1. Need the list of lysines near Lys35 for cross-linking: C-alpha distance under 23 angstrom, and skip anything on the same chain fewer than eight residues off.
2. Ignoring ligands, DNA and RNA, how do Phe208, Phe70 rank by accessible area with a 1.4 Å probe, largest first?
3. Lys180: which aspartates and glutamates have alpha carbons under 14 Å from its alpha carbon, excluding same-chain residues fewer than 8 sequence positions away?
4. Among Ser243, Val211, Gln263, whose Cα lies farthest out toward the positive end of the dipole of the stretch 204-355, if unit charges sit on the beta carbon of Lys, Arg (+1) and Asp, Glu (-1)?
5. Distance from the Cα centre of the stretch 239-270 to that of the stretch 142-185, in angstrom?
6. Spelling out what I want: for every residue of the stretch 88-101, take phi, set θ = phi - 60°, compute 6.51 cos²θ - 1.76 cosθ + 1.60 (Karplus), and round to whole Hz; glycine and proline get x.
7. Would you mind working out the magnitude of the charge dipole of the stretch 220-349 relative to its Cα centre, with +1 at each Lys and Arg C-beta and -1 at each Asp and Glu C-beta, to the nearest 20 Debye?
8. Let me check I've understood the local charge: for Asp217, count other residues with C-beta under 14 angstrom from its C-beta, Lys and Arg +1, Asp and Glu -1. What total comes out?
Amino acid sequence: MKKSLRVIRVLQIIDTLHTGGAERLAVNYANGLIKHNVESHLCATRAEGPLLNSINGNVNYLFLDRKSTFDLKAIFRLRAYVRSHKIDIIHAHASSFFIATLIKVVVPRVKLIWHDHYGNSEYLDQRPIKVLKWCSSKFSQIFSVNKTLESWAKKTLNCDRVTYIKNFPVLKKSDSNLTKLEGKTGKRILCLANLREQKNHIRLLEAFKLVKAKYPDWTLHCVGKDFKDDYSKLFFLNLKNHSLENHVYFYDTKTDILNILQQSTMAILPSKSEGLPLALLEYGLAGLPVICTDVGDCGKVISDETYGILLKEEKPDVIAEAISKFIEEDEFRINCGKNLNQKVLEEYSEEAILGDIKQIYLNSI
């Protein structure tokens, strides 16, 4: 049998099935690889979540319910799964690399690939690396979501094969639990990001306060997980202090992303740091005009002003000016959305990227 015709068995591992970018991408990989003659498996190690309902029925699924770093019951269960299903490759996403490395140690024949989704790529000097560096000697391959992370891995970690792999968006129609956005049709701004300091929601509120004063009929819609932490409290306190309760709406975790995108007029991502945000690609796939900060690989997506507005600063007045430009210049806004949509379809397609991944898998075994 030719090598290219071999069915390979690949297990995607992710800590949770919450709605973060790394989690969505792990599910996208597991679902998409079925179409590439891959026996696809997915393991959530610590917690399930809303993405559980997004897993294709043909994907073999395992939940470990891991309680601690050295949860022996979970580790032994994963080892048994890898052996019984004759897994060829473990594709570990983000922080799941540690348990994947433990399995590699006890099942040496399996190949281990680590996918680095690190969102704070602007602050790599602060990244804890002691454990990661030891584990990296067991990796057959590292995938990095942007060029900065690729360069960092080559210089810092103990793995000879490091490859920049583009993220890709997948948007599926949902027929249940559909979200209805508040505000007026044609005057909605969307921010699709979990409520974390890195995503800069509070600065966005400061900017939107300036926008509201000039365009009171426009509304801001924030969709993402609320971790109920200090940053969450600060966000809602600022929302109240800026008197934005009737103009800014927070929806928490949602899975009907396509439905939400279709109700939006423009999208924004004012992050302090990013890798390659999946939300940015989802904005583009939906044809939305986009404003985002120049962090991570965002500048490769919004490579010039024909594709959107790339912010060099995250000051409230700068963000507000960009939003105002899109509000005032309809033709510019619409054309940016069309151009970005075409770019995402051509350069960040699921089919092309998973085809490349399949070839890397084959070369690894």
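1. Lys2, Lys3, Lys86, Lys111, Lys166, Lys172, Lys173, Lys358
2. Details: Phe208 0, Phe70 135 Å².
If we order Phe208, Phe70 from most to least accessible, we get Phe70, Phe208.
3. Asp252, Asp256
4. Working it through, the farthest residue towards the positive pole turns out to be Ser243.
5. Going from one Cα centre to the other spans 21 Å.
6. Running phi through 6.51 cos²θ - 1.76 cosθ + 1.60 with θ = phi - 60° gives 8, 9, 9, 10, 8, 9, 6, 6, 6, 4, 5, 5, 5, 5 Hz.
7. Details: 13 positive and 22 negative charges, 63 e Å.
Rounded to the nearest 20 debye, it is 300 debye.
8. +3
The values are calculated or read from the model by the stated rules, or taken from the named source; none is laboratory data. Computed from a predicted structure; not experimentally measured. No Cβ is skipped: glycine too gets one built from the backbone with ideal geometry, and neighbour counts run over all protein chains shown. Note: accessible area is taken over every heavy atom of the protein model, side chains too, but ligands, DNA and RNA are not part of it. Shrake-Rupley method; radii C 1.70, N 1.55, O 1.52, S 1.80 Å.
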